[in-house]
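See below for the structure under consideration.
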Amino acid sequence: MSAVANGFAALDGIEILAVDGLLAVSALGLLLVDVAMPAGNKRVIGYGALLLLGLAFAATFTLDLTGTALSGAYVGDGFAIWCKRIFIGAGFFGVLGGLDSTARIGPRRQGEYYQLLLMSVLGMTLLAGARDLILLMVSFELMSLPLYAMAAWGGIGNYPEQKGPIPGMTMPSKRRWHRPAEAGLKLYLVGAVSTVVALYGISLVFGLGGSTRFAVLATTLTGGPLLTLAVAMIVAGFAFKIGAAPFHMWVPDTYEGASTPFVAFLSVAPKAAGFAALVQLLLGPLAGMAATWTTLVVVLIVVSLLVGNLMAVPQQNIKRMLGFSGVAQMGFGLMALLAAGSVTAHDVASRGVRPEGLATLLFFLAAYMVANMGAFFTVEAVAAAGYTPGKPADERDDDDTLPTFAGLHSRSPALALAGLLFVLSLGGIPFAVGFWAKVWVLLSLWAAGFGWLVVMAAALSAAGLFYYLQVARSMYMKAPVGADGTTLPAVKVGGGLLLAIVLLALLTMGVGLFPGPVMEAARIAAGL
Amino acid sequence: MIPVNGEVLQLLLILGAGLFALGLYGVLTRKNTIGLLIGLELMANAVNLNLVAFGRYHGGTDGQVFTLFTIALTVAEVAVGLALVILLHRSRRSTDLDAAADLHG
């Protein structure tokens, strides 16, 4: 009898998992719909996923998701809810911007793509509230495994040269057909190894603390060489996931090989989730080890800023360039984490420092999501025009290179303007949203006492402007002429991709002009 | 069953660390993707060994439950990995990592 009563007691507060439940039901429901539907173009499943993600996003505002559930293993607080909005928003835009591309790549297999995407988002939203090592790792894997499959999605099986083209499908070149498999494999190998490395560190944390609950671990973990090793392995494992240098080598290859709308999702959502996991572990049970992990994070920041900004400059493929720029952006995210971890209660009392690190991280992740997804969608819009001069026929659709942006201003003024806005935001130019994010991160890090790091980051960001402005120069200053002298065609964007770019551009500009309310919301979410 | 005291725990942890290092060596040196996956499995089993040893040392069921979950996670992970290897083999007629070198780097 009491066992039954205990079983029900574990369900107390389960209503704060409403959004996660909705996502789980959505993912499984879409799978059933996919199976039940007659074979053919399954675009409608994409609309379903869009609607359900929109509902889940609205639910994070209308439902009260604060509280504790699963006997303390799951917590809904401002941080978790803010993260959920980022994940669900990224999923929403990922589906919206990818509707056409997904239908083009695999019209009959679209259903599984959206189902995988919803599963991945579910893993992220669960991760945002996890306060238990088991739940943390399970939700982290639920997030990662669909991503491996989605990265490889597209180039399934043999190139259909004998059977002839598949009806309703624009055939990519042979070279491009094989690329997603390679992109998926590279993402998988790095992701799987980094998961196991982090898991080993977590097994040590479990062993030294004697519990899987963060609340217990926070009191039982004391330190020592074994815990230092555990912290190092956890930081390294998650640094792989967020693609911070020197653990970034998978980033450019996977970005180049996988389909662009998927990369838009991959480049923001799992990285925000990696930060959520780091925040929960490092500012939670491992807060006592701050001296160790802040040192490691400083190293990651310095290397990320250097590698990201310097390696982005020579890239001709714009997706690879955005990959390296993302590495540098992760440096900024880690700076916010560093600021959150280094301001102690003593600083607050004696120097009047505001512990704003966590709020800046939340704001930064949202700003990065909006601008980075927008930039990738702009690349997709230009690439979908599908014309590359001066290349052999079987590389015709290998068109993510900088020259395809030449004279975009005269070919498609609105798209060029949106693209300009996104790269300016990523570069941190006023008054796009990315500017406020970077300035706020730097200010909080300055207050935390890392003046030298602030100076270095500011200098390298200024250097980083070079490659962002290179794109702007190509769009605005160059004639719309290809390498072989032919005039580049106008770029027509329509449907979901257009809507996604417009919405993201409005967000980038709107929050950039009026950052106050969103920053205040981030402060509240961080519990300030 | 052997009671796991401090000494036994230490031995088990050393065994786990050895297994992990062996797996990592395999992952870093193998060029064949199947070999890579085997190395990955070794690393995952080192984690399982750690968890079981710690679980027995502390008593209670937390460690065993955690281990069940990590075993399930590893199975799912390797299943996805093998699917990707099959995909690679279909497109390149090889399971060597060098076959997947179309993207720079």
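The values are calculated or read from the model by the stated rules, or taken from the named source; none is laboratory data. If you're wondering where the values come from, they're calculated on a predicted model, not measured in any experiment. Backbone-built Cβ (ideal geometry, glycine too); neighbour counts: all protein chains shown.
Summary of values
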item: Subset of segment A:425-439 [of a type in the set (Phe, Trp, Tyr) and either under 19 Å from A:Met330 (Cβ atoms) or crowded, with 21+ Cβ neighbours inside 10 Å (or both)]; result: A:Phe435, A:Trp436
item: Qualifying residue in segment A:488-500 (condition: closer than 28 Å to A:Phe275 by Cα and part of a helix (DSSP H, G or I)); result: yes
item: Only one of B:Thr33, B:Thr29 that is at the interface with chain A (Cβ under 8 Å from one of its Cβ atoms) and either closer than 17 Å to A:Val196 by Cα or of a type outside the set (Lys, Arg) (or both); result: B:Thr33
item: Filter result (within 12 Å of A:Ala505 (Cα to Cα) and either hydroxyl-bearing (Ser, Thr, Tyr) or touching a strand residue (DSSP E or B) at 6+ places or on another chain (Cβ under 7 Å) (or both)) within segment A:412-457; result: A:Ser425
item: Hey, B:Leu73 in contact with a Pro (Cβ under 9 Å, 6 or more places away or on another chain) and within 8 Å of another protein chain (Cβ to nearest Cβ) or not; result: no
item: Long-range neighbours under 6 Å by Cβ, at least six apart or interchain, first residue without any contact (Cβ under 8 Å) to a residue 40 or more places away in the chain within segment A:104-128, second in a helix (DSSP H, G or I); result: A:Leu116/A:Pro146; A:Leu116/A:Ala149; A:Leu116/A:Met150
item: Pairs, first modelled with pLDDT under 90 and aliphatic (A, V, I, L, M) in segment A:222-249, second crowded, with 24+ Cβ neighbours inside 10 Å and assigned to a helix (DSSP H, G or I), C-beta under 7 Å, six or more apart; result: A:Ala245/A:Ser304; A:Ala245/A:Gly308; A:Ala245/A:Val327
item: Residue within segment A:68-82 that is polar (S, T, N, Q) and without any contact (Cβ under 8 Å) to a residue 12 or more places away in the chain present; result: no
item: Residues satisfying the stated conditions in segment A:282-311, i.e. out of contact with any Leu (no Cβ under 8 Å at 6 or more places or on another chain), more than 14 Å from every other protein chain (Cβ to nearest Cβ) and closer than 29 Å to A:Thr260 by Cβ; result: A:Val303, A:Gly308, A:Leu310
item: Of all residues making up segment A:207-230, the number that are in contact with a Ser or Thr (Cβ under 9 Å, 6 or more places away or on another chain) and surrounded by fewer than 24 Cβ atoms within 10 Å (Cβ to Cβ); result: 9
item: Matching residues, segment B:54-68, being at the interface with chain A (Cβ under 8 Å from one of its Cβ atoms) and surrounded by fewer than 18 Cβ atoms within 10 Å (Cβ to Cβ); result: B:His58, B:Val65
item: Residue list for segment A:203-214, restricted to those being more than 8 Å from chain B (Cβ to nearest Cβ) and either closer than 20 Å to B:Asn45 by Cβ or modelled with pLDDT under 90 (or both); result: A:Val205
item: Residues that are in a helix (DSSP H, G or I), surrounded by 20 or more Cβ atoms within 10 Å (Cβ to Cβ), at pLDDT 90 or above and not polar (S, T, N, Q), drawn from segment A:440-453; result: A:Trp440, A:Val441, A:Leu442, A:Leu445, A:Leu453
item: Any hit, segment A:247-262, residues being of a type in the set (A, V, I, L, M), more than 10 Å from every other protein chain (Cβ to nearest Cβ) and either closer than 23 Å to B:Thr74 by Cα or surrounded by fewer than 24 Cβ atoms within 10 Å (Cβ to Cβ) (or both); result: no
item: Among (1) within 30 Å of A:Asn317 (Cα to Cα); (2) more than 10 Å from every other protein chain (Cβ to nearest Cβ), the one test that B:Arg92 misses; result: (2)
item: Sole exception among (1) in contact with a Gly (Cβ under 8 Å, 6 or more places away or on another chain); (2) assigned to a helix (DSSP H, G or I) for A:Thr60, by number; result: (1)
item: Residue satisfying all of: in segment A:454-497; β-branched (Val, Ile, Thr) and either farther than 23 Å from A:Gly326 by Cβ or buried (at least 18 other Cβ atoms within 10 Å of the Cβ) (or both); nearest to the chain's Cα centre (by Cα) among these; result: A:Val471
item: Some residue of segment A:73-80 being under 21 Å from A:Leu503 (Cβ atoms) and in a helix (DSSP H, G or I); result: no
item: Out of A:Ala80, A:Ala18, A:Ala10, A:Ala36, sole residue that is surrounded by fewer than 19 Cβ atoms within 10 Å (Cβ to Cβ), among the hydrophobic types (A, V, I, L, M, F, W, C) and under 26 Å from A:Leu365 (Cα atoms); result: A:Ala18
item: Criterion violated by B:Ile2 - all others in (1) free of Cβ contacts under 8 Å to residues at least 60 places away in the same chain; (2) crowded, with 17+ Cβ neighbours inside 10 Å; (3) more than 9 Å from chain A (Cβ to nearest Cβ); (4) not charged (D, E, K, R) satisfied; result: (2)
item: Single residue of A:Leu281, A:Leu296, A:Leu322 found to be assigned to a helix (DSSP H, G or I) and under 18 Å from the mean Cα position of the chain (by Cα); result: A:Leu322
